[in-house]
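In what follows, a single structure is set out as structure tokens and then discussed.
The values are calculated or read from the model by the stated rules, or taken from the named source; none is laboratory data. Quick caveat: nothing in here was measured; it's all calculated off a predicted structure. All Cβ positions, glycine included, derive from the backbone under ideal geometry; neighbour counts span all protein chains shown. Note: areas computed on protein heavy atoms with side chains; ligands, DNA, RNA excluded. Shrake-Rupley method; radii C 1.70, N 1.55, O 1.52, S 1.80 Å.
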Amino acid sequence: MKVGVAAVCVALLVAVCSVEALNNGLGKTPQMGWNSWNYFACNLNEQIVNETIDNLISSGLAAAGYRYVNMDDCWAGWRDDAGFIHPDNKTFPNGVRPLADKAHSKGLLFGLYSDAGEKTCAGRPGSLNYEKNDAYTYASWGVDYLKYDNCYNDNISPLTRYPIMRDALNATNRKIFYSMCEWGVDNPATWAPLVGNSWRTTGDISAHWASVMSRIDLNDEWWKYAGPGGFNDPDMLEVGNKGLTHTEQKSHFSLWALAKAPLLIGCDIRNLSREVFEILTAPEVIAINQDPLGVQGHKVWNKTFADGAIDVWAGPLANGDVAVITLNRASVQAVIPVTWSVVGLKPGSWHAVRDVWARKDIGHYNNGFTTTVEPHGVFFARIRA
Ligand code: GLA
């Protein structure tokens, strides 16, 4: 089978087999935008999407980089006798096209959701066996992004199902970002770079600290497989949703940024507090996520205690700087050391260290520095080359 062969090629003969890789020119850096699911779930309608498009512009989120407006499950209503999909008439009486047109008219991009199975997870019509029709329909509506889920899949291997939609999207001649949502069950990092622009590595996130920690840890296992064109996806952001403290939201956003995760806002941006807005638009944090080198920062050091653990996460940036996070998982304040050898710098060499949240340089050091981190907090640094 085509993809099976390609997966072997990756290990042995990358250059020779690159013809089979996904080459749609998209996702050179992680995707940024908004997705309806984490906040609205199935309570989605065209008024919400219309207002969200307006708010992305008026709030300044679009200017900060959030360009995709993605409708998740529950927009689809029914499939006609000719096998073509139609939106839910009650919640999207004017159809999908006007929403995509509106997004485009404001310089944004528009995304949809479907499922590589008979039904979506919420029970709407899925795309299995209708991939060509659906890709054609999406392209005709002006869709720029497809999130493709994994429910009701008839136990057919994802290595069969996901490439069929990839090829159908490519055949439309419209550039459509392909976001695979296979939940990490078949180790997608090992084969998905040939198929999609991003692939989920975990089950669904929820707005709880334990969930945020477990998503980023599961995702971390696959850090070597990410790069420009294809990124690991530990699921969408819960920043702005009830369940996480302000400190935890900053830690969540920091880790997603460092790990080159998609930054897909999952809250109701029509009611955004200043505090949440400041997290989501932190320019130096976003710059690390969008760094063109595209190397996923990962856990490089960890120490476990009775009531938690402390970590150091790090990753290189295009200009030779190193992005570093110290993370305190415990419920008491912790002192977390960063040493050059742990984050890939030469011991004894002098480097300036910048606090990317405060946007301030904190000093020059020649072997490392020490951070004091509040419970469930991070210190996020950019170490100058
Ligand atoms: C799955 C996905 C979620 C969301 C829902 C929609 O659970 O993992 O991200 O898309 O389906 O039903």
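General observations
- The set of residues in the stretch 344-370 being among the basic types (Lys, Arg) and under 30 Å from the mean Cα position of the chain (by Cα) consists of 354, 359, 360.
- Considering the stretch 134-151, the residues that are out of contact with any Ser or Thr (no Cβ under 8 Å at 6 or more places or on another chain) and either within 16 Å of the ligand (Cβ to nearest atom) or open to solvent by less than 40 Å² (accessible area, probe 1.4 Å) (or both) include one that is farthest from residue 54 (Cα to Cα), namely 150.
- Filter result (within 11 Å of the ligand (Cβ to nearest atom) and either over 15 Å from residue 177 (Cβ atoms) or not assigned by the TED database to the domain that holds residue 44 (or both)) within the stretch 63-74: 73, 74
- Selected residue (criterion: farthest from residue 213 (Cα to Cα)) from residues of the stretch 318-328 that are surrounded by 20 or more Cβ atoms within 10 Å (Cβ to Cβ) and within 22 Å of the chain's Cα centre (by Cα): 322
- Residue 113 being assigned to a loop (DSSP other than H, G, I, E, B), in contact with a strand residue (DSSP E or B) (Cβ under 6 Å, 6 or more places away or on another chain) and open to solvent by less than 10 Å² (accessible area, probe 1.4 Å): no
- Residue satisfying all of: in the stretch 187-197; out of contact with any Leu (no Cβ under 8 Å at 6 or more places or on another chain) and part of a helix (DSSP H, G or I); farthest from the ligand (Cβ to nearest atom) among these: 190
- Any hit, the stretch 76-98, residues being farther than 21 Å from residue 37 by Cα, open to solvent by 10 Å² or more (accessible area, probe 1.4 Å), more than 16 Å from the ligand (Cβ to nearest atom) and in a helix (DSSP H, G or I): no
- For the stretch 176-186, the condition holds for no residue, the condition being that it is more than 16 Å from the ligand (Cβ to nearest atom), in a loop (DSSP other than H, G, I, E, B), within 20 Å of residue 268 (Cα to Cα) and not assigned by the TED database to the domain that holds residue 373.
- Applying a threshold of 7 Å to beta carbon distances and a minimum spacing of six or more residues, or different chains, the list of pairs starting in the stretch 363-385 at a residue that is of a type in the set (Phe, Trp, Tyr) and ending at one that is not in a strand (DSSP E or B) reads 380/254; 380/285; 380/356; 380/357.
- Checklist (1) out of contact with any Lys or Arg (no Cβ under 8 Å at 6 or more places or on another chain); (2) among the aliphatic types (A, V, I, L, M); (3) away from the ligand (no atom under 16 Å from the Cβ) applied to residue 108, failing item: (1)
- The criterion of being in the same structural domain as residue 202 (by the TED database), open to solvent by 20 Å² or more (accessible area, probe 1.4 Å) and free of Cβ contacts under 8 Å to residues at least 24 places away in the same chain holds for residue 155.
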